[in-house]
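Down below is the structure, laid out as structure tokens.
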Amino acid sequence: MLFVVDVGNTNITFGVYKEETLLTTFRMMSKAMHTSDEYGLQIIGLLGANGISVDDIDGCIVVSVVPNVMHSLTGAIIKYVKVNPMIVGAGLKTGIKIVTENPKEIGPDRIVDAVGAYEKYGGPVFVLDFGTATTYDLITAKGEFVAGITAPGIRISAKALWEDTAKLPEIEIKKPKSILAQETISSMQAGLVYGQIGQTEYIINKVKEESGLSDMKVVATGGLGRIISEETDMIQVYDSSLTLEGLRIIYNKNKK
């Protein structure tokens with residue numbers, strides 16, 4: 001079995017694959033710092049709760065945008081899962097050619113999403129990841145990563161509202177019944193959700209216009225991506241496990 005790990009700014013998402021089948025996923029917060037032993041015990045416990053024995057795991061791959069957790073996390077995987085993790089970075093085969101002005105600036109998580117989308121859905125494909133940041137990445141039919149757009153994520157925008165204004169409360173991020181809000185909470189929800197939908201549709205249209213790739217498939221992922229994808233017909237696919245799929249594909253391209 002393959003153990004895949006996606007270290008994001010908010011959560012660490014874990015998955016276990018048996019060949020091409022995703023058996024289970026689970027998460028823990030990435031902002032809470034842990035020792036390697038704490039990570040190890042939590043990982044073993046969560047694997048066991050999902051019916052997975054560490055003895056069945058024979059490979060691991062990790063992608064991370066949070067460098068300061070990597071020493072403890074990789075130590076935990078080596079000690080408790082008993083495999084040496086493959087780390088997504090320079091030198092790995094991905095099948096994606098980065099042709100942006102400075103390829104080293106492209107985050108490994110975005111490359112993994114690009115691999116997952118291109119391998120599963122073909123190109124040209126426009127990959128939207130609604131995470132802590134909202135990212136939009138364009139991959140051509142030849143598998144070239146040609147452009148990327150980065151915007152504040154919905155949670156970042158929401159946090160700015162309630163932390164930087166004296167009277168606005170912390171709210172649940174969801175679509176309100178109507179954009180015609182008549183009280184504070186639904187007013188904030190309308191601004192956040194419909195604002196993100198408007199941004200998303202405008203960026204998709206603008207990318208199609210400037211790239212000339214009017215036939216590109218638009219694929220979304222990320223925690224809040226489902227809310228947005230359900231509200232616009234400009235997103236063809238919502239794939240919640242796209243990053244984990246990308247990790248599995250990259251591992252298979254590089255395993256000895």
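The listed residues are Ile98, Ile77, Ile52, and the only one of them that is under 27 Å from Lys142 (Cα atoms), touching a residue at least 12 places away in the same chain (Cβ under 8 Å) and among the aliphatic types (A, V, I, L, M) turns out to be Ile98. Going through (1) surrounded by fewer than 24 Cβ atoms within 10 Å (Cβ to Cβ); (2) over 25 Å from Leu2 (Cα atoms) one by one, Ile139 falls short only on (1). Among the residues of region 85-99, those identified as of a type in the set (A, V, I, L, M), part of a loop (DSSP other than H, G, I, E, B) and modelled with pLDDT of 90 or more are Val88, Leu92, Ile96, Val99. With the structure loaded, tell me whether Val115 is surrounded by 15 or more Cβ atoms within 10 Å (Cβ to Cβ), modelled with pLDDT under 95 and either outside any loop (DSSP other than H, G, I, E, B) or in contact with a Cys (Cβ under 9 Å, 6 or more places away or on another chain) (or both) or whether it fails that test. Taking the combined requirement at face value, the residue does not satisfy it.
Taking Gly107, is it surrounded by fewer than 16 Cβ atoms within 10 Å (Cβ to Cβ) and either more than 30 Å from Phe126 (Cα to Cα) or under 19 Å from the mean Cα position of the chain (by Cα) (or both)? In short, no. List pairs: first in region 171-182 and in the same structural domain as Ser229 (by TED's automatic domain parsing), second acidic (Asp, Glu), Cβ under 9 Å, 6+ apart or cross-chain? Listed pairs, sorted by first residue: Lys175/Glu230; Lys175/Glu231.
Scanning region 1-18 for residues that are at pLDDT 95 or above and assigned to a loop (DSSP other than H, G, I, E, B) turns up just one, Met1. Screening Ala151 on (1) more than 23 Å from Arg27 (Cβ to Cβ); (2) outside any strand (DSSP E or B) shows it passes everything except condition (2).
Please work out if Val69 is assigned to a helix (DSSP H, G or I), assigned by TED's automatic domain parsing to the domain that holds Lys159, in contact (Cβ under 8 Å) with a residue 12 or more places away in the chain and not small (Gly, Ala, Ser). Judged against the criteria, Val69 is not a match.
One residue stands out among those in region 218-256 that are free of Cβ contacts under 8 Å to residues at least 60 places away in the same chain and assigned to a loop (DSSP other than H, G, I, E, B): the one that is surrounded by the fewest Cβ atoms within 10 Å (Cβ to Cβ), which is Lys256. Taking region 203-217 as the range and being surrounded by 12 or more Cβ atoms within 10 Å (Cβ to Cβ) and hydroxyl-bearing (Ser, Thr, Tyr) as the test, only Ser211 passes.
Checking Ala166, Ala90 one by one, the residue that is within 23 Å of Lys253 (Cα to Cα), free of Cβ contacts under 8 Å to residues at least 60 places away in the same chain and surrounded by fewer than 15 Cβ atoms within 10 Å (Cβ to Cβ) is Ala90 and no other. The set of residues from region 178-217 being of a type outside the set (D, E, K, R) and assigned to a loop (DSSP other than H, G, I, E, B) comprises Ser178, Ile179, Leu180, Ala181, Gln182, Gly212, Leu213, Ser214, Met216.
One residue stands out among those in region 32-45 that are surrounded by fewer than 16 Cβ atoms within 10 Å (Cβ to Cβ) and either of a type in the set (A, V, I, L, M) or in contact with a strand residue (DSSP E or B) (Cβ under 9 Å, 6 or more places away or on another chain) (or both): the one that is farthest from Tyr80 (Cα to Cα), which is Ala32. Do we have any residue at all in region 172-193 that's small (Gly, Ala, Ser) and in contact with a Phe, Trp or Tyr (Cβ under 9 Å, 6 or more places away or on another chain)? No.
The values are calculated or read from the model by the stated rules, or taken from the named source; none is laboratory data. None of these values were measured; they are calculated from a predicted model. Cβ coordinates were reconstructed from backbone atoms using ideal geometry, including for glycine residues, and neighbour counts include every protein chain displayed.
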